[in-house]
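Notes follow the structure.
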Amino acid sequence: MATAENKRPRSSGGGVERPLSRKEILVRKKAIKELIRKAVAEKDHLAHFPDFHKYERSGFSIYLESGHGNQLPVPTRKYIQNLLKANMKGTYGSEWPSEEKIKRREMVAPEARYILICQYADSDIAKCFMKQDSGVECAHVTCRGGRLLGFVHYRFVVEEDVPVLYVYELQLESSVHGKGLGKFLMQLIELIACKSQMGAVMLTVQKSNTDAMAFYNNLGYVISSTSPSQVDPLVLLYQEIVSTRTRYSYVDSFISHRLEFIEAMRSCARHLNLKPSANWRCVACSILCRSTVNLLRLLIPIIYV
């Protein structure tokens with residue numbers, strides 16, 4: 001595997017590459033450590049993306065809520081355990097008992113972050129809006145009292161000297177499959193990764209889970225260079241590590257592309273006589289790994305009110 005010590009940056013003149021000095025290596029590692037620290041310290045990553053607090057499609061409505069591994073209520077922990085078992089036991093086969101123990105430890109770790117998918121009765125939603133009207137803080141509906149339909153477990157880690165958002169689990173109940181919710185959640189994950197200045201989004205998929213492999217391939221994910229099959233192709237393993245095809249650069253290196261994109265969105269807004277919402281610039285600088293067509297198709301219904 002490549003490490004920071006043996007990576008050689010190109011010189012500005014396009015000539016011979018030079019090795020990083022010890023000072024440059026230490027500065028780089030310190031910067032990456034600080035990025036991870038800030039991302040982990042963020043209390044609620046969903047707060048930056050209010051348009052993603054609710055998902056609606058053909059009469060189907062769900063709400064999203066943030067969670068921390070060491071702060072999950074007992075009923076939520078039990079739900080996560082049961083859904084993991086229902087969805088993954090068949091995939092892991094005889095390996096499941098040992099894998100389940102690992103997952104149970106991972107799910108309650110302090111560094112674990114969650115997106116909880118919840119469904120509520122209309123009366124619960126009405127109560128929330130009544131609180132908002134009366135001046136009581138109710139940014140988005142909590143999962144207490146609602147029905148959980150799935151979750152995303154993610155963390156901020158360093159892989160091959162690159163800060164990444166690692167998706168440990170994306171689990172949905174079978175009743176909500178085929179409604180575009182998985183794609184919606186991965187788009188939100190990419191927004192969080194970019195806002196946190198991560199270098200990539202990564203996750204592990206069982207090789208026998210062909211549906212999941214196809215799902216992530218369709219989203220533009222490819223097998224990572226750190227995946228076991230890429231490190232040693234002769235070793236037959238049951239899982240692959242996949243990551244975004246184009247790693248996010250740090251936000252500073254996105255400035256020129258972001259400005260061009262924002263100007264394009266302004267032109268689109270003028271053409272459609274639409275008014276940008278308050279947070280559209282944050283969304284605009286996020287999904288640069290998507291094609292222009294997919295990006296416009298995704299953002300136009302979201303960023304304008």
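Things to note:
- Residues located in region 193-250, provided they are closer than 29 Å to Ala31 by Cβ, at pLDDT below 80 and among the aromatic types (Phe, Trp, Tyr): Tyr248, Tyr250
- Pick from region 131-160, criterion of a type in the set (D, E, K, R) and closer than 18 Å to Ile192 by Cβ, ranking: modelled with the highest pLDDT: Arg155
- Lys7 open to solvent by 50 Å² or more (accessible area, probe 1.4 Å) and at pLDDT 70 or above: no
- If you go through region 94-130 and keep only what is more than 23 Å from Gly182 (Cβ to Cβ), modelled with pLDDT of 90 or more and surrounded by 12 or more Cβ atoms within 10 Å (Cβ to Cβ), you end up with Glu95, Arg104, Val108, Ala109, Glu111.
- Within region 146-175, residues that are outside any strand (DSSP E or B) and open to solvent by 10 Å² or more (accessible area, probe 1.4 Å) have Cβ atoms under 9 Å from residues that are at pLDDT below 95 and among the hydroxyl-bearing types (Ser, Thr, Tyr) in these pairs: Gly146/Tyr120; Glu160/Thr3; Glu160/Ser224; Glu160/Ser225; Glu160/Thr226; Asp161/Thr3, counting only partners at least 6 apart in sequence or on another chain.
- Taken across region 56-76, residues that are open to solvent by 70 Å² or more (accessible area, probe 1.4 Å) and in a strand (DSSP E or B) do occur, with at least one present.
- Among (1) under 30 Å from Lys207 (Cα atoms); (2) among the aliphatic types (A, V, I, L, M); (3) in contact with a helix residue (DSSP H, G or I) (Cβ under 8 Å, 6 or more places away or on another chain) - the single one Leu46 does not satisfy: (1)
The values are calculated or read from the model by the stated rules, or taken from the named source; none is laboratory data. None of these values were measured; they are calculated from a predicted model. All Cβ positions, even for glycine, are placed from backbone atoms using ideal geometry, and neighbour counts span all protein chains on display. Ligands, DNA and RNA are stripped out before the accessible areas are found, and what is left, the full protein with its side chains, is counted by its heavy atoms. Shrake-Rupley method; radii C 1.70, N 1.55, O 1.52, S 1.80 Å.
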